[in-house]
């Protein structure tokens with residue numbers, strides 16, 4: 001059970017970091033302090049992921065097209081391993097995410113949550129909410145004109 | 001036949017240098033930044049991403065700048081760049097039912113749950129040039145806001161499916177065929193056709209769709225739903241042992257509800273066409289859905305009307321604008337040897353024909 005909670009937390013963390021704007025992510029990461037000593041297990045690498053859709057939204061999967069992704073893996077002196085995936089092309093961002101992930105696995109999850117994850121999540125949700133509110137204002141209110149006979 | 005020719009290096013270098021100068025244009029006019037293209041020519045960026053089959057707005061903006069706004073050239077640049085990258089894997093199919101919608105309309109149900117949400121649309125604009133945009137630094141009006149709807153917007157087809165009024169979408173192989181990895185091969189199943197259509201040339205797919213409306217393989221479509229918004233992209237990460245969201249894409253989805261079919265064993269049901277395209281591109285998504293539906297004639301047991309849009313080989317072999325451009329434009333490259341042989345041939349045939357005519361004339365006299 002606690003394993004699942006840990007997996008869910010890591011999944012949520014990595015998902016937020018992968019979608020964060022690179023410049024903002026790197027700002028917050030630099031604000032957190034100096035990067036810890038680490039060994040690079042997989043140097044930052046730019047590649048793609050094939051995005052799939054489904055026929056009729058619910059049927060057979062098909063290939064929609066690719067997105068660019070950068071990934072990186074690191075190991076801290078303590079042995080904690082971190083994996084970073086970010087959308088787009090940024091070696092620095094992928095390495096920062098791998099380090100944030102490794103440090104979180106190394107007992108610093110709460111501090112990183114407060115310093116980096118919380119603001120990123122709030123900004124992403126704020127952006128989404130702002131668009132949803134603009135969309136709501138464009139919702140059609142139908143009314144029927146009653147014809148006088 | 002193409003024969004390698006040497007020479008022309010200096011001319012080519014000079015031509016490219018001049019191209020760079022022409023690309024920049026008048027230097028008294030400030031240079032375009034990639035951010036400007038990305039933010040202010042977003043629909044051009046969307047089209048290059050969709051047809052380039054690579055979602056990366058900054059790269060698409062660079063391609064548009066480098067191509068001087070030639071969209072097919074920009075698509076070509078993106079395709080070429082894509083081939084240099086390793087592929088890390090494939091995502092789980094995106095869940096468009098959970099889309100954060102900017103826009104969502106239905107032409108079939110007025111009062112659908114979640115409502116008709118117009119979003120930032122050109123629809124209902126008067127198509128009059130707005131000269132206020134010609135003046136820079138104009139005030140941008142603040143759009144109105146309203147109370148956002150909680151929860152996901154249900155797909156219109158799900159209402160019809162609940163009553164069994166529309167055909168089921170059958171499951172397919174978990175790993176669909178990929179025409180960027182293997183040559184296009186026929187018969188092409190629906191997943192392969194959808195991949196070709198989503199990356200196909202917008203003009204071509206539009207014309208094919210239009211031809212079905214004008215009677216060449218008519219399939220009576222209603223736009224059940226058109227939605228534009230963002231969906232997360234989730235992928236299983238082997239080193240983690242679970243899936244994470246590795247990104248987010250804006251997509252346009254169109255579901256058409258088409259003429260119904262019935263047989264002795266099954267009561268009549270509506271059928272479906274489907275369009276899903278990177279970025280905000282309604283024309284492309286609707287076109288894709290119409291052509292998808294036309295190409296399904298065989299699996300739905302319809303007649304082959306001989307319409308171009310029903311012919312999978314015709315549609316799929318001609319939908320790719322990079323392939324088409326490559327083959328079309330190669331004929332402007334040197335074909336000196338080819339042409340020399342043609343020239344010699346026609347001289348000989350003419351000489352023989354004229355000699356034969358002379359013989360006939362002599363004989364007549």
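The values are calculated or read from the model by the stated rules, or taken from the named source; none is laboratory data. Quick caveat, the model's predicted, so the values are computed rather than measured. No Cβ is skipped: glycine too gets one built from the backbone with ideal geometry, and neighbour counts run over all protein chains shown.
Here are the numbers for this structure:
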read-out	value
Residue B:175 being within 11 Å of another protein chain (Cβ to nearest Cβ), part of a loop (DSSP other than H, G, I, E, B) and more than 18 Å from residue A:53 (Cβ to Cβ)	no
Pairs where the first residue, in segment B:139-163, is at pLDDT below 90 and the second is crowded, with 17+ Cβ neighbours inside 10 Å, C-beta under 6 Å, 6+ apart	B:148/A:132
Residue list for segment A:36-46, restricted to those being surrounded by 16 or more Cβ atoms within 10 Å (Cβ to Cβ) and over 13 Å from residue A:82 (Cβ atoms)	A:46
Complete set of residues in segment B:294-311 that are in a helix (DSSP H, G or I) and buried (at least 21 other Cβ atoms within 10 Å of the Cβ)	B:294, B:295, B:309, B:310
Checking residue B:148 against (1) in contact with a strand residue (DSSP E or B) (Cβ under 9 Å, 6 or more places away or on another chain); (2) more than 30 Å from residue A:45 (Cα to Cα); (3) surrounded by 16 or more Cβ atoms within 10 Å (Cβ to Cβ); (4) within 8 Å of another protein chain (Cβ to nearest Cβ), the condition it does not meet	(1)
Test for residue B:113: is it loosely packed, with under 14 Cβ neighbours inside 10 Å, at the interface with chain A (Cβ under 7 Å from one of its Cβ atoms) and over 30 Å from residue B:18 (Cβ atoms)	no
Selection status of residue B:107, in the same structural domain as residue B:178 (by TED's automatic domain parsing), surrounded by fewer than 17 Cβ atoms within 10 Å (Cβ to Cβ) and in contact with a strand residue (DSSP E or B) (Cβ under 9 Å, 6 or more places away or on another chain)	yes
Any hit, segment B:73-95, residues being farther than 22 Å from residue B:249 by Cα, assigned by TED's automatic domain parsing to the domain that holds residue B:44 and under 21 Å from the mean Cα position of the chain (by Cα)	yes
Flag for residue B:291 being in contact with a helix residue (DSSP H, G or I) (Cβ under 6 Å, 6 or more places away or on another chain), in a helix (DSSP H, G or I) and either buried (at least 20 other Cβ atoms within 10 Å of the Cβ) or within 14 Å of chain A (Cβ to nearest Cβ) (or both)	yes
Every residue from segment A:62-106 that is away from chain B (no Cβ under 11 Å), assigned to a strand (DSSP E or B) and surrounded by fewer than 24 Cβ atoms within 10 Å (Cβ to Cβ)	A:75, A:76
Only listed residue being more than 25 Å from residue A:47 (Cα to Cα) and touching a helix residue (DSSP H, G or I) at 6+ places or on another chain (Cβ under 8 Å), chosen from B:19, B:41	B:41
Checklist (1) more than 9 Å from chain A (Cβ to nearest Cβ); (2) exposed (fewer than 14 other Cβ atoms within 10 Å of the Cβ); (3) modelled with pLDDT of 90 or more applied to residue B:208, failing item	(2)
Of all residues in segment B:211-241 being closer than 28 Å to residue B:113 by Cα and not in a strand (DSSP E or B), the one that is farthest from the other protein chains (Cβ to nearest Cβ)	B:220
Every residue from segment B:178-203 that is in a loop (DSSP other than H, G, I, E, B) and closer than 20 Å to residue B:294 by Cβ	B:179, B:184, B:186, B:187, B:188, B:189, B:199, B:200, B:201
Residue within segment A:108-116 that is more than 14 Å from the chain's Cα centre (by Cα), surrounded by fewer than 24 Cβ atoms within 10 Å (Cβ to Cβ), in a loop (DSSP other than H, G, I, E, B) and at pLDDT 95 or above present	no
Number of positions in segment B:104-125 that are in contact with a helix residue (DSSP H, G or I) (Cβ under 7 Å, 6 or more places away or on another chain) and not in a loop (DSSP other than H, G, I, E, B)	1
Residue count, segment A:117-145 (criterion: in a loop (DSSP other than H, G, I, E, B) and surrounded by 15 or more Cβ atoms within 10 Å (Cβ to Cβ))	1
From the options B:78, B:64, residue that is away from every other protein chain (no Cβ under 13 Å), in a helix (DSSP H, G or I) and surrounded by 15 or more Cβ atoms within 10 Å (Cβ to Cβ)	B:64
Meets criteria (away from every other protein chain (no Cβ under 12 Å) and within 16 Å of residue B:160 (Cβ to Cβ)) for residue B:266	yes
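Yes or no, residue by residue, for (1) outside any helix (DSSP H, G or I); (2) more than 7 Å from chain B (Cβ to nearest Cβ); (3) in contact with a strand residue (DSSP E or B) (Cβ under 6 Å, 6 or more places away or on another chain):
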{"site": "A:14", "(1), (2), (3)": "no, no, yes"}
{"site": "A:29", "(1), (2), (3)": "no, yes, no"}
{"site": "A:35", "(1), (2), (3)": "yes, yes, no"}
{"site": "A:39", "(1), (2), (3)": "yes, yes, yes"}
{"site": "A:48", "(1), (2), (3)": "yes, no, yes"}
{"site": "A:51", "(1), (2), (3)": "yes, no, yes"}
{"site": "A:59", "(1), (2), (3)": "yes, no, no"}
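Residue-wise test of (1) out of contact with any helix residue (DSSP H, G or I) (no Cβ under 9 Å at 6 or more places or on another chain); (2) in the same structural domain as residue B:282 (by TED's automatic domain parsing); (3) within 26 Å of residue B:256 (Cα to Cα); (4) not in a loop (DSSP other than H, G, I, E, B).
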position	(1), (2), (3), (4)
B:128	yes, no, no, no
B:133	yes, no, no, yes
B:137	yes, no, no, no
B:143	no, no, no, no
